[in-house]
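Notes for the one structure printed next.
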Amino acid sequence: MGRPFFERMALYTSIYTRAVEFDTRMELSSDAILVRKARDGDYGAFEELFERHRALVYRFAYQMMPRRDDAEDIVQEAFVRAYQNLHKYRDEAKFTTWLLRIVTNLCTDQARMGTRRQHLEQQEATGGLIWMTGDFSEDPVGNLENDRKRVVLQKALAALPVHHRSVIVLRDLEEREYPDIAQILGCTVGGAKLRVLRARRALRDRVAPLLGEDK
Amino acid sequence: MNRKSEEQIIKLAFGDMDPEEASRIELEAARDPEAARVLSAYREIRSGLRERSTQIPPDQLSKERLREAILAQGLSPKKNAGLPGWLWMPTMAAVAAFGYVYLKPRPTTLDGPSVVAVNSGDLAPKVDLHVPSAESSIGIGMAPMVAKTTPTTVKESAGTRVASYSSHRRRKRTVVQEPKSDLSGLLAMNAISGEAGMSGGTRPAEVEMKGDATAMAPSKPEETTIVVIDEQKDALTGAQRATEASGSNVIVGG
């Protein structure tokens, strides 16, 4: 009570700031709380985690497997594996990072099984179809060119090896930070940056010939 | 263009560079046509990827599908744990102790007429159904007598072997009071007609015979006697009636 007014205001402000920081930390750690409950047998907690993160995981899976059915299968399998291996999850990493790592591994496994080749063939067929059915109402030539570039990029991305495609999706589509990418891939931050660089170069190497054909 | 230059152009195109270094590379690229072309190509790729990232169709995932997938893998989603783990042990111990104390089987009253083999010395009224003097239509020798039921409480004795019958079997108890006549001298018997379990028509007698002294002759002290306990309780005393039978005229069915 005997403190000066400004000193008291500073004290109250610092208390308020700490409270806000505490709330933020609590919110970030709520995933860890749900994981702990799920480990102890609370399946409702795991369902809560599913509802929280399924959109993010689905976006990533769809970028990796551009068919919705395949992406949904990957997401479902990822959460099943997460449930199976909850005991292996360490609280130091974000739960989403751990999930995306599972999805990356699943996509890698699927690519190795060779099913990807069949999808590529289907995409090449559908890619031509998309190109031919673009919107030509306003600027036919411009729209045609834009659609062609979009299709070319889609094909090139789909044709990338899974280890290149995953880092392109993580960095350039999902805009995740390099430390997260490093945790997902299980490498250092410098290693993640290098992998992103190589993937971008590989993508351009596939796109350039297709775009340069007209020139 | 060397590899290092291309790496810098890639970082510039995708925004992975500090603003100061970015402006420097931008100026260098402007002076080099090939660098400018490569920078333009990478920027087109980046814009195309950004456009693609917004074209995500909605998913059809659901919690039910996930649960089915988990169950299909043989994993069982557990229910809420409820108590913390460290509380389970004393809780289970308390439940087990409660179950032992309150749910352990206790000796209960018999539901139906039971055949009890007891030492004959423990029970007072002894009835010997052998009445050799009179002839009867039922083939049991009996003297003219008056049937009378005597309530007898059931007493437990050491080494008692109890054969109880299921409660669903109905017992019909009839007491025939025979007028004093010297005709057939039907033995008034407690027609506690057991059913299948007492097949053969075991007729546990609950009468106290008056008459021939020989009929009242107590059995030998060491002889095993069969006591039949009636399920119906006496209206006056509230106790179950028991009659003792010995000899070969009691058939115990099982």
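The values are calculated or read from the model by the stated rules, or taken from the named source; none is laboratory data. Keep in mind the model is a prediction, meaning the values are calculated, not measured. Here the Cβ is made from the backbone with ideal geometry for all residues, glycine too, and neighbour counts use every protein chain on show.
Below, the figures for the structure above:
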item: Matching helices (runs of 4 or more DSSP H) fully within the range A:1-112 where at least 2 residues are away from chain B (no Cβ under 14 Å) and modelled with pLDDT under 95; result: A:5-28, A:30-39, A:95-112
item: Options B:SER47, B:SER23: the member that is more than 21 Å from A:TYR178 (Cα to Cα), hydroxyl-bearing (Ser, Thr, Tyr) and in a helix (DSSP H, G or I); result: B:SER23
item: B:ALA134 more than 9 Å from chain A (Cβ to nearest Cβ) and modelled with pLDDT of 85 or more; result: no
item: Residue list for the range A:155-169, filter: aliphatic (A, V, I, L, M), more than 9 Å from chain B (Cβ to nearest Cβ) and within 18 Å of A:ARG67 (Cα to Cα); result: A:ALA158, A:ALA159, A:LEU160, A:VAL162
item: Candidates A:ASP205, A:ASP180, filtered to the one that is touching a residue at least 40 places away in the same chain (Cβ under 8 Å), part of a helix (DSSP H, G or I) and more than 10 Å from chain B (Cβ to nearest Cβ); result: A:ASP180
item: The range A:164-191, residues that are surrounded by fewer than 24 Cβ atoms within 10 Å (Cβ to Cβ), in contact with a Phe, Trp or Tyr (Cβ under 9 Å, 6 or more places away or on another chain) and of a type in the set (A, V, I, L, M, F, W, C); result: A:LEU173, A:VAL189
